Amino acid sequence: MRAKKFRMKKGGAVSAIMLLLLLAIAMIDGCVQKQKFEPKAEKLNIYCLDVGQGDSTYILFPDGKSMLIDAAEEDSNVYRLLEEYEPEYIDYFVITHPHSDHAGGAKDVIENYEIGQIFMPDAANTASFFEELLTVIESEEIPVTQAKTGTLIYESDDFKAEIISPREEGYNDLNNMSAVVKITYGNNKFLFMGDAEKAVEEDITSDVSADFIRVGHHGSNTSSSKGFLNRVKPKYAVISVGEFNNYNHPDGEIVKRYKKMGTEIYRTDEMGTISVVSDGVDIEIKTQR
Ligand SMILES: [Zn+2]
């Protein structure tokens with residue numbers, strides 16, 4: 001199944017027998033592998049994937065376009081986790097910053113799925129995984145757009161996905177170079193902070209009030225400053241962390257800070273993959289466990 005199964009489109013004619021065979025395999029596969037979350041058509045479907053210590057979010061826009069934000073560590077096998085959602089094509093792939101817990105699995109994703117466009121900040125890492133990633137992006141000839149304040153990812157009717165940080169002049173710290181993604185759908189707003197820290201939280205000038213926040217830097221106390229949270233006032237927060245991680249993420253004080261605001265907290269280490277569905281008015285959250 002790992003082979004570039006969705007690349008057959010490129011390959012030209014497939015015989016009728018082959019098609020029937022594939023159909024049969026797909027049917028058997030469908031029976032065995034029960035889908036955990038059924039994506040809801042014409043809604044915004046956000047899946048905060050359970051990837052251990054790292055970050056990866058798969059998103060289906062209301063019109064069916066798809067976006068992946070980060071691909072966690074290489075050994076979390078995000079490209080395999082994605083099979084459950086059967087993406088035929090990933091329209092937008094945001095690689096927030098070049099740390100391995102966000103970008104480590106990106107190469108495998110690119111090798112296994114067709115990607116329309118990549119967004120990444122102007123930040124580099126000399127680690128071999130990142131150099132290999134850049135080589136693959138180049139050899140697959142995927143267009144890359146620099147992620148920075150004001151970069152528009154996609155917009156239609158009452159839907160918008162945009163990047164609101166890093167600022168043009170950049171930052172010395174790689175975490176702060178994180179592409180921060182904001183999605184607006186009808187009345188609902190969503191923030192994906194990457195590993196951005198306090199300096200960024202202070203610099204962002206866009207409206208950051210949001211119903212939902214993908215908590216910055218795995219709930220570390222480097223992020224989620226009081227001033228910023230007062231601007232966001234999220235109803236729901238997702239923290240992506242591995243069980244018993246070496247960093248003691250999330251920080252206890254930070255968790256308290258969210259709870260004090262009345263924010264409902266969801267953690268991937270305790271609840272597995274977290275599904276967030278919005279119709280532009282209401283938000284429904286389901287967890288794997
Ligand atoms: Zn991280």
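The values are calculated or read from the model by the stated rules, or taken from the named source; none is laboratory data. Everything numeric in this text was worked out from a predicted model, so none of it was measured. Positions of Cβ are generated from backbone atoms using ideal geometry, with glycine treated the same way; all protein chains shown enter the neighbour counts. Please note that ligands, DNA and RNA were not included when accessible areas were found on the heavy atoms of the full protein model with its side chains. Shrake-Rupley method; radii C 1.70, N 1.55, O 1.52, S 1.80 Å.
Looking only at residues that are under 21 Å from Ile239 (Cβ atoms) and small (Gly, Ala, Ser) in the stretch 185-198, which one is farthest from the ligand (Cβ to nearest atom)?
Narrowing the stretch 185-198 to residues under 21 Å from Ile239 (Cβ atoms): 188-198.
Cutting the leftovers down to small (Gly, Ala, Ser) gives us 194, 196.
Values: Gly194: 7, Ala196: 10 Å.
Among residues in the stretch 185-198 that are under 21 Å from Ile239 (Cβ atoms) and small (Gly, Ala, Ser), the one farthest from the ligand (Cβ to nearest atom) is Ala196.
Quick one: which residue in Ser165, Ser220 is open to solvent by less than 40 Å² (accessible area, probe 1.4 Å) and touching a Pro at 6+ places or on another chain (Cβ under 8 Å)?
On the way: Ser165 fails: touching a Pro at 6+ places or on another chain (Cβ under 8 Å).
Unique residue meeting the criteria: Ser220.
Within the stretch 229-257, can you find the residues that are open to solvent by less than 90 Å² (accessible area, probe 1.4 Å), within 21 Å of Ser56 (Cβ to Cβ) and not aliphatic (A, V, I, L, M)?
Pro234, Tyr236, Ser240, Gly242, Asn245, His249, Pro250
Can you name every residue in the stretch 267-289 that is surrounded by fewer than 17 Cβ atoms within 10 Å (Cβ to Cβ) and part of a loop (DSSP other than H, G, I, E, B)? So that I can check it myself, show each step before the final result.
Narrowing the stretch 267-289 to residues surrounded by fewer than 17 Cβ atoms within 10 Å (Cβ to Cβ): 270, 272, 279, 281-282, 284, 286, 288-289.
Correct list: Gly272, Asp279, Val281, Asp282, Gln288, Arg289.
How about the stretch 50-108: which strands (runs of 3 or more DSSP E) wholly inside it have at least 1 residues that are away from the ligand (no atom under 12 Å from the Cβ) and among the polar types (S, T, N, Q)?
Values: elements: 57-60, 66-69, 90-94.
Once the strands (runs of 3 or more DSSP E) in the stretch 50-108 are filtered for at least 1 residues that are away from the ligand (no atom under 12 Å from the Cβ) and among the polar types (S, T, N, Q), what remains is 57-60, 66-69.
For residues in the stretch 167-184 being in contact (Cβ under 8 Å) with a residue 40 or more places away in the chain and either more than 15 Å from the ligand (Cβ to nearest atom) or assigned to a helix (DSSP H, G or I) (or both), which is nearest to Ala123 (Cα to Cα)?
Among them, the one singled out is Met177.
Can you list residue pairs whose Cβ atoms sit under 9 Å apart, with the first residue in the stretch 237-265 being over 16 Å from Thr287 (Cα atoms) and the second being open to solvent by 90 Å² or more (accessible area, probe 1.4 Å) and in a loop (DSSP other than H, G, I, E, B)? Count only pairs 6 or more apart in sequence or on different chains.
Within 9 Å, the pairs are Met261/Lys233; Gly262/Lys233; Gly262/Lys235; Thr263/Lys233; Thr263/Lys235.
Just checking, does the stretch 130-148 include any residue being part of a loop (DSSP other than H, G, I, E, B), farther than 20 Å from Thr205 by Cα, within 16 Å of the ligand (Cβ to nearest atom) and open to solvent by 10 Å² or more (accessible area, probe 1.4 Å)?
Kept after step one, since they are part of a loop (DSSP other than H, G, I, E, B), are these residues of the stretch 130-148: 140-143, 147-148.
Filter once more, so that each one left must be farther than 20 Å from Thr205 by Cα: 140-143.
In the following step, the residues that additionally are within 16 Å of the ligand (Cβ to nearest atom) were identified as none.
No, the stretch 130-148 contains no residue that is part of a loop (DSSP other than H, G, I, E, B), farther than 20 Å from Thr205 by Cα, within 16 Å of the ligand (Cβ to nearest atom) and open to solvent by 10 Å² or more (accessible area, probe 1.4 Å).
Test Arg214 against the stated conditions and say whether it is of a type in the set (Lys, Arg), modelled with pLDDT of 95 or more and more than 20 Å from Met67 (Cβ to Cβ).
Details: of a type in the set (Lys, Arg): yes; modelled with pLDDT of 95 or more: yes; more than 20 Å from Met67 (Cβ to Cβ): no.
No; evaluated as a whole, the condition is false for this residue.
If we scan the stretch 215-225, do we find a residue that is part of a loop (DSSP other than H, G, I, E, B) and touching a strand residue (DSSP E or B) at 6+ places or on another chain (Cβ under 6 Å)? Write out each step before concluding.
Going residue by residue through the stretch 215-225, those that are part of a loop (DSSP other than H, G, I, E, B) are 215, 220-225.
Applying the additional criterion that residues be touching a strand residue (DSSP E or B) at 6+ places or on another chain (Cβ under 6 Å) yields 215.
So far as the stretch 215-225 goes, yes, one or more of its residues are part of a loop (DSSP other than H, G, I, E, B) and touching a strand residue (DSSP E or B) at 6+ places or on another chain (Cβ under 6 Å).
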